[in-house]
1. Do you know which residues across the range 69-114 are farther than 18 Å from residue 54 by Cβ, of a type in the set (Ser, Thr, Tyr) and touching a residue at least 12 places away in the same chain (Cβ under 8 Å)?
2. Mind listing whichever residues of the range 143-165 are open to solvent by 30 Å² or more (accessible area, probe 1.4 Å) and part of a helix (DSSP H, G or I)?
3. Of all residues in the range 83-104, count the ones that are over 26 Å from residue 190 (Cα atoms) and open to solvent by less than 10 Å² (accessible area, probe 1.4 Å).
4. Is there a residue in the range 88-109 that is of a type in the set (Gly, Ala, Ser) and within 24 Å of residue 199 (Cβ to Cβ)?
5. Hey, among 140, 168, which residue is farther than 26 Å from residue 57 by Cβ and open to solvent by 60 Å² or more (accessible area, probe 1.4 Å)?
6. Could you list all residues from the range 118-130 that are of a type outside the set (D, E, K, R), open to solvent by less than 20 Å² (accessible area, probe 1.4 Å) and either under 20 Å from residue 197 (Cβ atoms) or in a strand (DSSP E or B) (or both)?
7. Specify the residue that is modelled with the lowest pLDDT; the eligible residues are those in the range 124-152 that are of a type in the set (Phe, Trp, Tyr) and over 14 Å from the mean Cα position of the chain (by Cα).
8. For the range 113-146, name all the residues that are touching an Asp or Glu at 6+ places or on another chain (Cβ under 7 Å), closer than 19 Å to residue 178 by Cβ and small (Gly, Ala, Ser).
Amino acid sequence: LTMDKYKNNVTFVKKIKEQIFLGHLKQMNNKQLTQSFNNLLSVVDMEVFERYQPVANYIKSTYGKPGNVQSGYFWDEITPDNQKRFHMWLNLVTILEFFEGERADFWKRFVSRCRAISSSYKHGRIFLDFGAFHVVEFRDVGRAGFILDAKIYDQHIQQYEESDVKNDDIRRKILDGDLYLDRILHHSGWQYKVARTVEVLLSRNEVRHDAR
């Protein structure tokens, strides 16, 4: 099965149906698979990533994430840049699977600048790691989210990422302890305020990083 048509062919990749491409991947040997996946990651953009969720889920379920020791034979053949792009892709998938509507549209704008995203669909909460700060959001509409300094998050909230503790208990701890930098209140026009806050915090972090 020759997959050269995937190489640097943005038009073809954008037109082919995701399920057809996924079917092709499942028929390939390891060499063909890593070559084609490298090609896919090299040419597609966030718009195509969003449509290709089944492909990302298949790769993750079969080979895990980059760095997975048991699947080293696969990830060793994926370039470092493409491993980063796949990590970003998984973050996008997490956002789209957790949120719906305007919150999905909002947070996917920041996927490329987010270090890690972990979610618990069972418990209805998601944690976004931006390095110097973290975002905690809850799936229930009308529930405020929070932006926290990284050190405060690590000290007080990180333990709840895999915990069965109730969301109300997490919210109460953040509010009672005044642990947040800002609250995310999903009122009309909330996106403008939160985007401004996130951009300012990201800019500060980028300035500190460049100064090193």
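1. Within the range 69-114, 73, 79, 112 qualify.
2. Correct list: 151, 152, 154, 155, 156, 158, 159, 160.
3. 1
4. yes
5. Residue meeting the stated conditions: 168.
6. 120, 126, 127, 128, 130
7. In this case the residue turns out to be 138.
8. If the condition is that a residue be touching an Asp or Glu at 6+ places or on another chain (Cβ under 7 Å), closer than 19 Å to residue 178 by Cβ and small (Gly, Ala, Ser), then 145 is the only one that fits.
The values are calculated or read from the model by the stated rules, or taken from the named source; none is laboratory data. Computed from a prediction, not measured in an experiment: that's the story for all the values here. Here Cβ is always computed from backbone atoms with ideal geometry, including for glycine, and neighbour counts include all displayed protein chains. These area figures cover heavy atoms from the full protein model, side chains too; ligands, DNA and RNA do not enter into them. Shrake-Rupley method; radii C 1.70, N 1.55, O 1.52, S 1.80 Å.
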